[in-house]
1. Enumerate the aspartates and glutamates that LYS396 could reach by cross-link, defined here as Cα to Cα under 20 Å, with residues fewer than 8 away along the same chain left out.
2. With n ≥ 4 as the cut-off for DSSP H runs, can you work out [θ] at 222 nm for the chain, using -39500 (n - 2.57) per run divided by the number of residues, rounded to the nearest 500?
3. HN-Hα J couplings of the stretch 408-417 from phi, Karplus 6.51/-1.76/1.60, θ = phi - 60°, integer Hz, Gly and Pro as x?
4. For the stretch 267-296 and the stretch 176-246, compute the distance between their C-alpha centroids and round to whole Å.
5. Please compute the contact order of the chain in relative form: average sequence separation of alpha-carbon pairs under 8 Å and at least six residues apart, divided by the residue count, as a percent.
6. Only one of the listed values, [x] 32.6; [y] 21.6; [z] 20.6, was derived from the coordinates as mean projected area of the Cα convex hull in nm²; which label is it?
7. Relative to the longest principal axis of the C-alpha atoms of the chain, give the angle of the C-alpha long axis of helix 351-361, reported between 0 and 90° and rounded to the nearest 10°.
8. If you keep only loop residues by DSSP, which GluC sites (Glu not before Pro) in the stretch 172-277 have at most 12 other Cβ atoms within 10 Å of their Cβ?
Amino acid sequence: MYRKSLVYGIGWIVAICLFLSCSDEKTDGPQPLGVTFPEAVQAALNHYFPDQVPSSAEELNDEEEGISRYMVVYDSYSYIVVNERGEWQQVGSALSPLPAAFQEEYAAQFQTVAQERPGDEPHLLTRAAYGITIGFGEGDQFAFAENSGVLLGYERLGYDITELVPSEIYSFVDAVFAEYPVSNVLVPVDKEFSYRLYWKEGFCISFDTLNQWVVAEGTGDAYLPSSFLASLPDEVKEMMTTDEIVRVERRIEPETIQYYVEATGGHGFGISMDNPNRPIHFPTEAIDAFIGTYFGIDPTPKKTVYSSSTQDFRVCLPNGFDFVLNEAGEWLEVDGNGTPLSAMKQSIIEENILQQAEAEYQTTITYVRKEADQLVLRDEAGNAYIYKDNAFQLLKGIWEPKVKAYRSIRQHYPEDLDATFIYYSPDEGIIYQLGNGEKVRFDGQGNIL
């Protein structure tokens, strides 16, 4: 899950230098070291350590990268790690300044470090997925882009990512990027973010101060991995026309979550959706006004239940009626649970519609639901009467067993607002527990026993 840095402290630098320098007899030339350097490696050593002869060297096989690396130690208690292409990976110097060639190449970065730590001599330079880090052999390292002296933040060092980031970040990374070990963990200078994680595959994720990811982006020519794209909401994925996604930004507001997706070539889109964790606004005044207008009873006692899936409120009254309102206070559904809608103080729909349905089908309507362009009326048998364009359509049916049992509880125990659903099995039936602890049982079809 996390790629370990090569060296963590001055003590390690000294130990490595002592161990490798004593492992072979010191003689001039590369051959006594037991390692023959590729031409690119030798050129790098000559450039960074001119006029110095290695005291020891070791070839490091990197199975993950598929290339060889070489750790080369000098008598000055300095060392360098170079890959077979001649690209330096890390350089350390325990008792002397880092080689002049590095200080010249990264002059802007070293100048910033000198301003941040005046009088202290850096001992460690490490290649990172975002650029380089400069450190003092212990503690967090100063992080920079390859060609800029602007401080990005502080690289955190450790053997296990669980030690480096909060549990919320680790859980997200473990679930979404299990196939991709983290290369670098950065604590940005920008206080808008808490952490920024980098991968050698060429992408990074930024987290806000609440440890929620807010920006995922590819670096260079890299696209975001399919495992991350698969973790996005279905509404976002449905709008994607390519998997060559280079950046996704997520803005979390109290009421909404906004996604901005950028694909290769600069193409992209934005989408906003309700925040499932948004604050719940109970329409208390609207509920009480509805009770007074349509039932003419005191608004207490009552039971109000919020449904997170439908984001509406079901209100249960001691007269056996239920009704549903949305957050705006608009009614969506009224159920008499066996009591005719005509018993309401004021009809919730036009009286002629209710009278027409009952007269035409010789039934009693106890339920109504308001939909976009129609009304759905139902009787005690469960038959539905769809009213649209001044006409009815009959859809024969029955109440679903659990709904039927619930309506029966509300009909026979209307004042017991503490009755609770306990158990359901198609074979064993349904159990409700009343507020006094008594259990009421129903068969698998919702019929009271």
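1. Output for LYS396: GLU333, ASP335, GLU358, GLU360, GLU371, ASP379, GLU380.
2. Helix-only estimate at 222 nm: -6000 deg cm²/dmol.
3. So the J values, rounded to whole Hz, are 5, 4, 5, 6, 8, 10, x, 8, 8, 7.
4. Cα centroid to Cα centroid, the span is 33 Å.
5. For the chain, the relative contact order is 6 percent.
6. After the calculation, the listed value that fits is [x].
7. 80
8. Filter output for the stretch 172-277: GLU179, GLU192, GLU238, GLU255.
Readers should treat all values here as calculations from the given coordinates under stated rules, not as data from a laboratory. Treat the numbers as computed from the prediction; the structure is a model and nothing was measured. Glycine also receives a Cβ, built like all others from the backbone with ideal geometry; neighbour counts cover every protein chain displayed.
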